[in-house]
């Protein structure tokens, strides 16, 4: 991997510099991001929090190559995103990025196994059976592999989604409110899985959430308000996270 | 509510346009048909009016066997003309000739326009003349001719140039002395006219001493009606006497009847297209109502009654119907000339001038378009009324399905359909068997539904076919796999979408199988029956031009020719009957040298006993009329008198050369006024070859009878096959419209499905699916849907054709033939249709904005 090594010895998987994103024009223009510089080292679990409209989702979309910044640069594993055309960007998402969505977004016509393997099918890549088995056992849905999403609980669906995000061994997994649609038990399971992926597989995870409890699973907490990073620090407890949130209102 | 409907319309422009066009195409064909036939009718009415207005009274032969049947020996002779002239109040009377003939260049090239008829006309006194010379003059000598302007222009004929005019009586080489224009400026309906002097016209047309028509001018002070009454009293019943205006009206009515067939023929295709359009309306409304469940629930929550919900959906249908119908009507105005062009391309020249848009056309088109749309939208509209108010509150509330019919209701329904089928079968024998099959199928369905009572209907056929088709493309990977799964996600929807294509393809297949069978039958039966070497026929197949009686004797003198036997066709009507029977006339002594008859009763010597009083029946006619050998029947002939015929034998003829009755050639001439032959069969002496004889025959024909040509049996069969193919192609073109309509249905369904799956598409794009892969997926889905429709259509078409021919044509020697090549092509057409239909939806799906798609709920 050609990510640049930082002074502290970590590889920076995601690097963003002075990101700005403006929606609309003239008087009605809104700056969703007003100059964000941040990087995410390999093998870490970062949580991005912030009140509604703080720009946290916009930041994640831009980091993941789903949206383009008005100005600034994003590099993933050393590749400059802003210079890529749609096709190259699509390929980068396919090969380097894993996604976990709030609403699971599994294909209803495919069973769990097919959903997990979807990124490989799209890429036309061979399945590493060993890795697949390990993932299936880790997320604990081996007995549900032939079921379709409609036959799975929300927690089971999100675990399938986690396995899908990890199957292609991406450089980074972006999770957008992964526990937002789950009850507390299922929520804990899924977040535990993400923690596990970072600790045992060395996966890099960037999670956007407004749930302080979810944030407490991360190694690092970033707080966004009005399109700017207002806090960037080490892991905190759920209570501390909540206090931090309150401070930015 | 209407305002809401209107607003909804504007927001869904593309869908309104697509569904509107689906209806508009059928309406356009309907309107175009009316406009075309009205226009043709109008043109001819003008021609008849111009031709007849100069005449006070017109005398024509009586046509007791219908307006199409005319004795070739006209009852109007010089004596009759003399009696008219002697009638008080007649200022002037003249006989005229107007007979089908052939107009050729000196190099024997036809000068007529395509398939329009060519006529030999006689010069008449100037007050009766409908043609005026634009160059030169009218013919004055026997070797002079004047031709119509259109023909002269088409073949760039000049004054002084020589042409050949060939008729039943003679072939004449004449010099052009005039170019004529039809009075009133209209074209003469695409037909060519060669005007000769009266005597020469009679000679060439084979009517020496006779006329086709008498034109009479009244003396001053005598009204046409008075004169008509006087002339009527003076003439026998073998002629009809009409005033000029009456004659024009009669000719127009006659033509209208002919056009009726064309109109019905075309309207059938318009109806098919409308039915297919109805499928699409039904499907589109069903889908949109499912998608608008939440909105409809909100309306209910806000206090809208079921009736109001129903009305809002029906109003939407009404509005859409009006839009489609108006679009169709406008399209029809443009389509009418295209239809005319289509017929020209397929060899039928229909004259027309301008565009006649009758109120009836507008009313019928609008009614059809709006009616079909509203009716097709009714079931979905009723479904919309079942949306519970709860749907507004909750995600994913389904419209409750219609309560399943009870077992008793199912049985009652079956009983009703059984009664209907039995009644219809009793009314018409032919369709009875097909309906019987329908009953059996319905019975099976009833058994199934009773056995699985209480379950919602499943569309097993869609997953089965989609599974098989998906398996075929499974090597294409995930896109094909997803396409397959998506196509069976809503099997009912896929089935209705496919069904629209099924209708068109089933009809195409049905016609194709029937045509293949007919060709195979012709090939087999003619090969079995025809024992001669050459067939002599008119160069203008299908025209009224026949073979002059002098041809057969001339051919008998060609060396290496062993025998020539002439065959003629005529019609008659049994005493007391109101329908015509067809009659074949043969030359008893030589017929069986060239043709094998399968005798049921009688033997080859029976032919020799025919004389002028005997007849042979086909087995089917004898059976249907319960006639036996020895019985005598009385038959009215085109010459307007009865002949008595005794049944001498009964024969089977699968090649259909022998008609209901077969009589001797001599009787056809003397009793039926049938002068021309339809076919001559020529047999060689043993050992002679085509290469030796045919060129000699052709040289003779070209020199003396240029309107006639020779064909070997193989050439003859090939041309019959070509004729069938031409008709088949015409039907294909007209059915193509229905297939195009169903394309719009596929496009519509795909777009609506894609809209439903926006989030899925967004996710797929987010995790790295390329636009190309998305497009590919949609294309596969479309092709799978189209192929489901295609396969069902093929199966229905083939089975339908086999059933119909097996039962309706049993015993007629029909040979089944399945045109496998055509069917394979049709499957490719279906797949291609799917591919074309997928273009727009695929592009839309690929353009889905990832962020917005993921954000949409």
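The values are calculated or read from the model by the stated rules, or taken from the named source; none is laboratory data. A quick note: this is a predicted structure, and the numbers were derived from the prediction, not measured. Methodologically, a virtual Cβ is constructed for each residue, glycine included, from the backbone with ideal geometry; neighbour enumeration extends over all protein chains shown.
Test residue A:150 against the criterion of being in a helix (DSSP H, G or I), under 30 Å from residue A:244 (Cα atoms), out of contact with any helix residue (DSSP H, G or I) (no Cβ under 7 Å at 6 or more places or on another chain) and within 12 Å of chain B (Cβ to nearest Cβ), and give yes or no. First the steps, then the outcome.
Numbers: in a helix (DSSP H, G or I): yes; under 30 Å from residue A:244 (Cα atoms): no; out of contact with any helix residue (DSSP H, G or I) (no Cβ under 7 Å at 6 or more places or on another chain): yes; within 12 Å of chain B (Cβ to nearest Cβ): yes.
It is false that residue A:150 is in a helix (DSSP H, G or I), under 30 Å from residue A:244 (Cα atoms), out of contact with any helix residue (DSSP H, G or I) (no Cβ under 7 Å at 6 or more places or on another chain) and within 12 Å of chain B (Cβ to nearest Cβ).
Kindly establish whether residue B:480 is within 26 Å of residue B:736 (Cβ to Cβ) and surrounded by 20 or more Cβ atoms within 10 Å (Cβ to Cβ). Talk me through it step by step, then tell me what you get.
Details: within 26 Å of residue B:736 (Cβ to Cβ): no; surrounded by 20 or more Cβ atoms within 10 Å (Cβ to Cβ): yes.
No: the conditions fail for residue B:480.
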| Which residue pairs have Cβ atoms under 6 Å apart, sit 6 or more places apart or on different chains, and have a first residue in the range A:226-249 that is surrounded by fewer than 17 Cβ atoms within 10 Å (Cβ to Cβ) and a second that is in a helix (DSSP H, G or I)? | A:230/A:248; A:238/A:212; A:238/A:213
| query | Taking residue B:304 and the conditions (1) in a helix (DSSP H, G or I); (2) crowded, with 16+ Cβ neighbours inside 10 Å, which numbered condition does it fall short on, given that it satisfies the others? | reply | (1)
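Give A:142, A:169 a once-over and let me know the one that is loosely packed, with under 15 Cβ neighbours inside 10 Å and either under 22 Å from residue B:489 (Cα atoms) or without any contact (Cβ under 8 Å) to a residue 24 or more places away in the chain (or both). Explain how you work it out, then say what you get.
On the way: A:169 fails: either under 22 Å from residue B:489 (Cα atoms) or without any contact (Cβ under 8 Å) to a residue 24 or more places away in the chain (or both).
Just one listed residue meets the conditions, A:142.
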| note | Checked against (1) assigned to a helix (DSSP H, G or I); (2) free of Cβ contacts under 8 Å to residues at least 60 places away in the same chain; (3) facing chain A (nearest Cβ under 10 Å), residue B:768 satisfies every condition except (1)
| said: Could you check the range A:111-135 and list, in sequence order, the residues that are assigned to a loop (DSSP other than H, G, I, E, B) and either more than 8 Å from chain B (Cβ to nearest Cβ) or at pLDDT 90 or above (or both)? | reply: A:111, A:125, A:126, A:127, A:128
| query | In the range B:626-641, which residue that is surrounded by 15 or more Cβ atoms within 10 Å (Cβ to Cβ) and under 25 Å from residue B:68 (Cα atoms) is nearest to the chain's Cα centre (by Cα)? | reply | B:638
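Inspect all residues belonging to the range B:239-253 and state whether any of them is surrounded by fewer than 16 Cβ atoms within 10 Å (Cβ to Cβ), at pLDDT below 95 and part of a helix (DSSP H, G or I). Spell out the reasoning first.
We begin by selecting, within the range B:239-253, every residue surrounded by fewer than 16 Cβ atoms within 10 Å (Cβ to Cβ); these are B:253.
Keeping just the survivors that are at pLDDT below 95 gives B:253.
Those still in the list that are part of a helix (DSSP H, G or I) too: B:253.
Taking every residue of the range B:239-253 in turn, at least one turns out to be surrounded by fewer than 16 Cβ atoms within 10 Å (Cβ to Cβ), at pLDDT below 95 and part of a helix (DSSP H, G or I).
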| Could you list, in sequence order, the residues of the range B:126-180 that are buried (at least 20 other Cβ atoms within 10 Å of the Cβ), without any contact (Cβ under 8 Å) to a residue 60 or more places away in the chain, assigned to a strand (DSSP E or B) and under 38 Å from the mean Cα position of the chain (by Cα)? | B:145, B:146, B:147, B:148, B:172, B:179, B:180
| Out of all the residues in the range A:81-109, which are farther than 19 Å from residue A:60 by Cβ, in a loop (DSSP other than H, G, I, E, B) and at the interface with another protein chain (Cβ under 7 Å from one of its Cβ atoms)? | A:107, A:109
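Just to check your reading of the model, which residue among A:43, A:53 is assigned to a loop (DSSP other than H, G, I, E, B) and either touching a helix residue (DSSP H, G or I) at 6+ places or on another chain (Cβ under 8 Å) or at the interface with chain B (Cβ under 9 Å from one of its Cβ atoms) (or both)? Step through it out loud before you land on a result.
On the way: A:53 fails: either touching a helix residue (DSSP H, G or I) at 6+ places or on another chain (Cβ under 8 Å) or at the interface with chain B (Cβ under 9 Å from one of its Cβ atoms) (or both).
From the options A:43, A:53, the qualifying one is A:43.
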| field | Hey, residue A:77 in contact (Cβ under 8 Å) with a residue 12 or more places away in the chain, farther than 24 Å from residue A:13 by Cα, more than 8 Å from every other protein chain (Cβ to nearest Cβ) and surrounded by 21 or more Cβ atoms within 10 Å (Cβ to Cβ) or not | value | no
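Return the total of residues in the range B:691-714 being part of a helix (DSSP H, G or I), touching a residue at least 60 places away in the same chain (Cβ under 8 Å) and surrounded by fewer than 16 Cβ atoms within 10 Å (Cβ to Cβ).
Keep residues of the range B:691-714 that are part of a helix (DSSP H, G or I), which gives B:691-704, B:713-714.
Filter once more, so that each one left must be touching a residue at least 60 places away in the same chain (Cβ under 8 Å): B:692-694, B:696-697, B:700-702, B:704, B:713.
Filter once more, keeping what is surrounded by fewer than 16 Cβ atoms within 10 Å (Cβ to Cβ): B:692, B:696, B:702, B:704.
The total comes to 4.
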| Boolean, residue B:761 is within 27 Å of the chain's Cα centre (by Cα), touching a residue at least 40 places away in the same chain (Cβ under 8 Å), crowded, with 21+ Cβ neighbours inside 10 Å and farther than 30 Å from residue B:580 by Cα | no
| query | Just wondering, is there one or more residues in the range A:157-166 that are within 21 Å of residue A:194 (Cβ to Cβ), more than 11 Å from chain B (Cβ to nearest Cβ), at pLDDT 90 or above and touching a strand residue (DSSP E or B) at 6+ places or on another chain (Cβ under 7 Å)? | reply | yes
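At pLDDT below 90 and either assigned by TED's automatic domain parsing to the domain that holds residue B:492 or not in a helix (DSSP H, G or I) (or both): is that true of residue B:834 in this structure?
Working: at pLDDT below 90: no; either assigned by TED's automatic domain parsing to the domain that holds residue B:492 or not in a helix (DSSP H, G or I) (or both): yes.
No.
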| task | Scan the range B:588-624 for residues that are over 35 Å from the mean Cα position of the chain (by Cα), closer than 25 Å to residue B:536 by Cβ and in a helix (DSSP H, G or I) and jot them down. | result | B:592, B:593, B:604, B:607, B:608
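Counting only residues that are more than 21 Å from residue A:127 (Cβ to Cβ) and in contact (Cβ under 8 Å) with a residue 60 or more places away in the chain, which one in the range B:466-482 is nearest to the other protein chains (Cβ to nearest Cβ)?
Within the range B:466-482, the first condition is being more than 21 Å from residue A:127 (Cβ to Cβ), and the residues that meet it are B:466-469, B:472.
Now narrow it down to the ones that are in contact (Cβ under 8 Å) with a residue 60 or more places away in the chain: B:466, B:469.
Working: B:466: 11, B:469: 15 Å.
In this case the residue turns out to be B:466.
In this structure, is residue B:724 within 19 Å of the chain's Cα centre (by Cα) and either within 14 Å of chain A (Cβ to nearest Cβ) or at pLDDT 90 or above (or both)?
Working: within 19 Å of the chain's Cα centre (by Cα): yes; either within 14 Å of chain A (Cβ to nearest Cβ) or at pLDDT 90 or above (or both): yes.
Considered against the rule, which asks whether it is within 19 Å of the chain's Cα centre (by Cα) and either within 14 Å of chain A (Cβ to nearest Cβ) or at pLDDT 90 or above (or both), residue B:724 comes out as yes.
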| query | Residues of the range B:497-518 being more than 16 Å from residue B:794 (Cβ to Cβ) and buried (at least 22 other Cβ atoms within 10 Å of the Cβ), which ones? | reply | B:497
| note | Note on residue A:173: of the conditions (1) in contact with a helix residue (DSSP H, G or I) (Cβ under 9 Å, 6 or more places away or on another chain); (2) not in a strand (DSSP E or B), unmet is (2)
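For the range B:675-689, what are the residues that are assigned to a loop (DSSP other than H, G, I, E, B) and touching a helix residue (DSSP H, G or I) at 6+ places or on another chain (Cβ under 8 Å)?
Residues of the range B:675-689 assigned to a loop (DSSP other than H, G, I, E, B): B:675-676, B:678, B:685-689.
Hit for the range B:675-689 is B:675, nothing else.
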